[in-house]
Amino acid sequence: MNSATSATPLPFDPAVAHEHLSRVDKRLARVIERVGGFGLKLDECDSVFESLLEAITHQSIAGKAAQAVFSRVVALGSNGRCPTPGELLRVRKPALRKAGLSNAKVAAVRDLAQKTIEGVVPTIEQAAAMSDQELVERLVSIRGIGAWTVEMFLIFRLGRPDVLPIHDYGVQKGFAITYRKRAIPKPRELAEFGERWRPYRTVASWYMWRAVQLAGKAARDTKNPRPAPKKRAAQGKRAARRARKT
């Protein structure tokens, strides 16, 4: 895997997205004006398998600790490269646990490897030809992979323009800040509101993450009547960090 961001152009024109979103949503237009251009750059991964392997290793942990675990898993491959699905299946459980994977993650990465060999996990080329919904339905069959993980893959690896991760805590928080809500919105509320952002909901989501960054400490004032589970809160923070890096 190349951990640097890619110079590959996005499959849509951000300027067109800006014009559309600014026209249909004046509050979002002000966020766009403050933040500036849409700065998303696509991650570089050699395969869907590698991208999802990294996603699994990062679950429920963040920052340098997450990257350290993934680096130790990568080191289990030959020639310093990410292990192939076959190589990963041959790694004994104690070695995976020593790399930093929990029992649940060991089961998840093994299921990912097996389903890649079976053809359930598509190649990058095959994924590019599939719809967002097709990819979600296909990939959530893998142990440990939920809709949020697939949505992050669609946004940060494939650059799909119309993904709205309604369960992402960072997007929810940014929405509450931007639209001056007292409480974090429910996923259904966010989904309904986001219809106006089509077909550029990915771009709107990215600006919701940046809205949290702009708010700084003031973001803490937004109340959540139902505290987010630790896993969902960690996911939101991780997605927001990825957005800041672009």
To the nearest 0.05, the calculated FRET efficiency linking LYS186 and VAL120 through their beta-carbon distance, R0 being 30 Å, is 0.40
Given pairs LYS41/LYS93; LYS41/LYS64; LYS93/LYS173; LYS64/LYS173; LYS186/LYS217 and cut-off 29 Å on Cα-Cα distance, the over-length ones are LYS41/LYS93; LYS93/LYS173
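Please get the size of the charge dipole for the chain, origin at its Cα centre, with Cβ charges of +1 on Lys and Arg and -1 on Asp and Glu, quoted in debye to the nearest 20. Working shown, then result.
Numbers: 44 positive and 23 negative charges, 324 e Å.
For the chain, the charge dipole is close to 1560 debye.
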Charge dipole of the chain built from unit charges on the beta carbon (Lys, Arg +1; Asp, Glu -1), centred at mean Cα; most positive-end Cα among ALA62, MET130, ALA108 is ALA62
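Going by a ≥ b ≥ c, the root eigenvalues of the Cα gyration tensor, does the range 43-156 fall in the rounded group (a/c under 1.5), the prolate group (a/b larger than b/c) or the oblate group? Each step should come with its number before you reach the end.
On the way: a/c = 1.64, a/b = 1.45, b/c = 1.13.
Because a/c hits 1.5 or more and a/b exceeds b/c, the range 43-156 counts as prolate.
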Contour minus Cα-Cα span, ARG30 to ALA95, at 0.36 nm per residue, comes to 18.4 nm
Scoring the chain by relative contact order with C-alpha pairs under 8 Å, at least six apart, yields a percentage of 22 percent
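What FRET efficiency would be calculated for the residue pair VAL16, VAL140, taking the C-beta separation as r and a Förster radius of 45 Å, to the nearest 0.05?
Once the sixth-power term is evaluated, E becomes 0.90.
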Nearest 10, in degrees from 0 to 90: the angle of helix 48-58 to the longest Cα principal axis of the chain is 80 degrees
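The numbers here are math on the coordinates, done by the rules we state, and not lab data. The structure displayed is predicted, hence computed values, not measured ones. We place every Cβ from the backbone using ideal geometry, glycine too, and count neighbours over all the protein chains shown.
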